[in-house]
Amino acid sequence: MSDLLYSEVEEELRASVRSLLSDRVDLSRLESPEPVDLKLWRTLAADLGCAGLPVPESAGGAGASWRETAVVMEELGRFVAPVPFLGSAVLSVAALPSDDPLLRDLATGARTATLAVPLSTSDSPSWTVIAAGTALSGSVTTVADALTADVFLVPTAAGLFAAEAAHVSRTPVVSLDLTRPVADLAFDGTPARLVAPDAAPLVGRALLAGAALLASEQLGIAEWCLATTVEYAKTRRQFARQIGSYQAIKHRLADLWVAATQARAVARYAADCLANDDSDLPVAASLAQAFCSPLAVKAAEECVQLHGGIGFTWEHPAHWYLKRARANAIALGSAARHRALLADLVDLPA
Amino acid sequence: MSTADLAREFLAGHDVGGTDPLEFLRARFDAGLAWVQYPVGLGGLGLPRAEQPEVDQVFADAGAPDNNPRRIGIGLGMAAPTILRHGTDEQRRRWLRPLWTGEEVWCQLFSEPGAGSDLAGLGTRAVRDGDDWVVDGQKVWTSMAHEARWAILIARTDPALPKHQGLTYFVLDMTAPGVEVRPLRQITGEAEFNEVFITGVRIPDTDRLGAVGEGWAVAQTTLMNERVSIGGQAVPREGGTIGIVTDLWRARPEVRSPGLHDALLRLWVDAEAARLTGMRLRQQLAAGQPGPEGSASKLLFARLNQEISSLELDLLGEEGLRHDEWTLRRPTQVDFAGRAAGYRYLRAKGNSIEGGTSEILRNIVAERVLGLPQEQRADKDVAWKDLPK
């Protein structure tokens, strides 16, 4: 049976990551020329060993599993931390074959990579880059964690290629979510190394891992939004009462707590299925996105609304959570797309 | 010797088929194998509650007669823990054995027409008269009252005190003169519940549980145990109500439409999320990490049952216009799966009202789990008799 709890080791990892992020995440940098915090990333990757948690120690990783990776995702969501974790430590690590030389560099945090697909990709993407021998041409839009990546993993009909960022043209996109900005990529005879002759299974596995683990980030976002709003409802007074004493407020927060309780079980199930390569993983991943993605949006929307005027300001951090949650709801397949995938997986045809 | 071994030893000395079922159950009670967490002499062995399921399993495997626990659920789940905690030795000896064997059915006289969510506002009066109390009032939503021998009852003994302070907890003999039970017909046409009219009924003071004026505190034992029993069993995927509509969807392609497909998948996701939440809750309890998550399960269960049963009617279309029956039946347990879709839709409406309305449960989650402040109240520190009614 799937273990839906957190182990002691996982809780210790959470405590370390939370302590680091609470000291170091600085959202004021998000409008600067360097919104992504590579210094923070290096501490997270090298000092805490989070860049390759599921990679064996012999291959430069931490020898843990995707369950621990999910715990880190929860904390990154809780702080909407601008680090290239999803692209490198999740999508790229999941995509690379275990004997690929790049895996060691990613696992140690020496380099970062990302998967060159639009962030909105859910499954079986259409390849927009063409390989002539080992030279790549074409473009890919709205790629996450692209601005700071050292290497791109590029799926083509002729296989999965690794292209050095120095040879790829990157155009930053004014992103809805500045905590995880996206960029457009152009390849023009770009030299690349063939990673594997068939990209589809590797990319499919990466997207499945991404969908399964993004749920944990969404859980972290929802938990921050709920906790922050509950605290505000206890301190904010109107009509000489704490606003949290009104049922109109407290019932909404109770409903959110109930949904977050479910999201925790759903996200843990997806992480556990991924860690154990469970045959139910496709169901677990789509379930996780179908449930946790709207929940995180709902939590962030409630956070803005129940904060009233201050929640609508740039000054209050609620908007970063709303933007991250809303972009996440598109990332790796919308809830509607995952419900459609579930329809096939559990034999409930349209 | 393990508790399961004790059960096997008992079975070796008692013929499952040959003994009269009631004699068998009495003997099992006397051997301490009824509820092992109870004290020796009262059906138990003073062991952890967690050891009971394996005892039950040994008896079930042997085909032993059981006490029909669903018929006596109120006795087992609510009356017994309250008697154990607050009763005198004599009261425990008198009531617990026939309660457990099922010889005496129990019911609960708490809710009143004027006191539902606000139970502590109840108005049934008990007035002391010599060695007795004389009780007048009306109770409602009483399941099994028409079969019960005993009732647990809360009544107001001092209207001049604030509402929580003037209450006292009694055990009422349902065969006493002045107790009238009428079926309460519900929106499904049947009557699972009753109204109970209490007119000049005499209760001996020896049938009082706990001190005079301590009724609210005693009732907390009863209500806490009610919530413990709403936890839920492990079910497989699609094992709950959702299975009824997924089976229908697969078997009958003609009911399918794009809009209903989306509605079905949304509910499938919610049902599976609720199932995993229950699984996680049980893992927490097994690991000795009880959390507040259990408070969520009844809220979830009520909403899911209501939405799924409503979708089923939409799926059935014209067929949903046909119902099975509106006969005034007196079921002792709900046959949710065996009835027409309309029955499920209507019965599920009760899920968000019975055992605490969803609105009250949200208050409880908000105040006890999230620590939000209470709603401002007009009934604190005011004599019950002076409250607006």
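Laboratory data are not the source of any read-out in this text; all were calculated from the coordinates shown. Note that the coordinates shown come from a computational prediction; the quantities given were computed from them, not determined experimentally. Don't worry about glycine lacking a Cβ; one is built from the backbone with ideal geometry, like all the others, and counts go over all protein chains shown.
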Checklist entry - For the stretch B:118-266, what is Rg from Cα atoms divided by 2.2 N^0.38 Å, rounded to two decimals? => result 1.52
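In terms of the ratio Rg/(2.2 N^0.38 Å) built on C-alpha atoms, what value belongs to the stretch B:19-169? Could the numbers behind the result be given before it?
Details: Rg = 17.7 Å, N = 151, 2.2 N^0.38 = 14.8 Å.
The value comes to 1.19.
When the dipole is taken about the Cα centre of chain B, and only Lys, Arg (+1) and Asp, Glu (-1) are charged at their Cβ, what size is it in debye, to the nearest 20? If you can, show how the numbers build up before the last one.
Working: 45 positive and 54 negative charges, 133 e Å.
The calculation lands at about 640 debye.
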Next on the checklist: Translational diffusion coefficient of the stretch B:269-389 at 4 °C, 1.567 mPa s, Stokes-Einstein with Kirkwood Rh over Cα pairs, in µm²/s as a whole number.
Outcome noted: 73 µm²/s
Checklist entry - Amide H to amide H, which residues 5 or more places from A:Leu136 or on other chains are under 5 Å from it, using H placed in the peptide plane? => result A:Gly189, A:Thr190, A:Ala192
Next on the checklist: How big is the dipole moment of the protein assembly as shown about its Cα centre under a simple scheme where the beta carbon of each Lys and Arg is +1, that of each Asp and Glu is -1, and everything else is neutral? Debye, nearest 20, please.
Outcome noted: 1620 debye
Checklist entry - When the Cα centres of the stretch A:273-350 and the stretch B:117-149 are compared, how far apart do they sit, in Å? => result 50 Å
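When the expected Rg is taken as 2.2 N^0.38 Å, what fraction or multiple of it is the alpha-carbon Rg of the stretch A:128-217?
Numbers: Rg = 13.4 Å, N = 90, 2.2 N^0.38 = 12.2 Å.
Output field value: 1.10.
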Next on the checklist: If amide hydrogens are placed 1.01 Å from N in the peptide plane, which non-local residues have theirs closer than 5 Å to the one on B:Ser143?
Outcome noted: B:Gln108, B:Asn194
Next on the checklist: Using the Karplus curve 6.51 cos²θ - 1.76 cosθ + 1.60 with θ = phi - 60°, what ³J(HN,Hα) values do you get for each residue of the stretch B:367-380, in whole Hz, with x for Gly and Pro?
Outcome noted: 7, 8, 8, 8, x, 6, x, 5, 4, 5, 10, 9, 10, 8
Next on the checklist: Rounding to the nearest 10 and keeping the result within 0 to 90°, find how far the Cα-based axis of helix A:66-78 lies from the longest principal axis of chain A.
Outcome noted: 50 degrees
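Just give me a number: lysine pairs in chain A, eight or more positions apart or cross-chain, with C-alpha atoms less than 23 Å apart. Could the numbers behind the result be given before it?
Working: A:Lys234/A:Lys250; A:Lys234/A:Lys298; A:Lys250/A:Lys298; A:Lys298/A:Lys323.
Going through chain A pair by pair, I get 4.
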Item to check | Karplus (6.51, -1.76, 1.60) ³J(HN,Hα), θ = phi - 60°, over the stretch A:315-329, in Hz, Gly and Pro reported as x | outcome: 4, 6, x, 3, 5, 5, 6, 4, 5, 5, 5, 6, 5, 4, 5
Checklist entry - Under 23 Å Cα-Cα from B:Lys385, which lysines qualify once same-chain neighbours fewer than 8 residues away are excluded? => result B:Lys139, B:Lys163
Checklist entry - For labels at A:Ser139 and A:Arg237 in the simple 7 Å Cα→Cβ model, what's the distance in nm? => result 5.8 nm
Checklist entry - What would the Debye formula give as log10 I(q)/I(0) at q = 0.24, 0.31 Å⁻¹ for the alpha-carbon point model of the stretch A:211-257, no solvent? => result -0.81, -1.07
Checklist entry - Can you give the three extents of the C-alpha atoms in chain B along their principal axes, from longest to shortest, in whole Å? => result 72, 63, 45
Checklist entry - Put +1 on the Cβ of each Lys and Arg and -1 on the Cβ of each Asp and Glu in the stretch A:163-267; which of A:Pro201, A:Cys225, A:Ala267 then has its Cα farthest toward the positive end of the dipole? => result A:Cys225
Checklist entry - Residue by residue through the stretch A:93-99, which ³J(HN,Hα) values in whole Hz follow from phi under the Karplus form 6.51 cos²θ - 1.76 cosθ + 1.60 (θ = phi - 60°), with glycine and proline marked x? => result 4, 6, 7, 6, x, 5, 9
Checklist entry - Taking H as built 1.01 Å from N, whose amide H comes closer than 5 Å to the amide H of B:Leu209, not counting residues under 5 places away? => result B:Tyr169, B:Phe170, B:Val171
Checklist entry - If you check each cysteine of chain A for another cysteine whose beta-carbon is under 4.7 Å away, which ones come up empty? => result A:Cys50, A:Cys273, A:Cys292
Checklist outcome for this item: For the pair B:Val127 and B:Leu321, the simple spin-label estimate (label points 7 Å beyond Cα toward Cβ) gives in nm 5.8 nm
Item to check | 20 Å binning of all Cα-Cα separations within the protein assembly as shown, expressed as whole percents from 0 upward | outcome: 15, 39, 31, 13, 2, 0
Checklist entry - When the gyration tensor of the stretch A:276-317 is built from Cα positions, what are the square roots of 5 times its three eigenvalues, in whole Å, from largest to smallest? => result 34, 9, 5
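Taking a quarter of the surface of the convex hull around the Cα atoms of the stretch B:81-203, what do you get in nm²? Please list the in-between numbers first.
Details: hull surface 33.3 nm².
Mean projected area for the stretch B:81-203: 8.3 nm², to one decimal.
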Next on the checklist: What distance in nm lies between label points placed 7 Å from Cα along the C-beta direction at A:Arg42 and A:Arg24?
Outcome noted: 1.0 nm
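Mind checking the alpha-carbon convex hull of the stretch B:349-389 and giving the volume per residue in Å³? Walk me through the numbers on the way to the answer.
Details: hull volume 4.5 nm³, N = 41.
That works out to 110 Å³ per residue.
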Next on the checklist: For B:Lys349, give me every one of the lysines with a C-alpha distance below 17 angstrom, ignoring sequence neighbours fewer than eight places off in its own chain.
Outcome noted: B:Lys298
Checklist entry - So for the stretch A:122-243, taking the charge dipole from beta-carbon charges (+1 Lys/Arg, -1 Asp/Glu), which of A:Thr156, A:Ala192, A:Val173 sits furthest toward the positive end? => result A:Val173
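Kindly give Rg over Rh for the stretch A:168-297, based on alpha-carbon atoms, with the Kirkwood expression for the hydrodynamic radius. Could you put the intermediate results ahead of the total?
Values: Rg = 20.5 Å, Rh = 17.8 Å.
The Rg/Rh ratio comes out at 1.15.
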Checklist entry - Across all directions of projection, what mean area in square nanometres is found for the Cα convex hull of the stretch B:217-309? => result 7.1 nm²
Checklist entry - With charges only on Cβ, +1 for K and R and -1 for D and E, what is the dipole size of the stretch B:6-104 about its Cα centre, in debye, rounded to 20? => result 400 debye
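Mind pulling the per residue volume of the convex hull built on the Cα atoms of chain A? Å³ is fine. Intermediate values should be presented prior to the final figure.
Values: hull volume 48.3 nm³, N = 350.
Spread over its residues, the Cα hull of chain A gives 138 Å³ apiece.
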Checklist entry - Once both axes come from the Cα atoms, what is the angle between helix A:247-275 and the longest principal axis of chain A, in degrees from 0 to 90, rounded to 10? => result 30 degrees
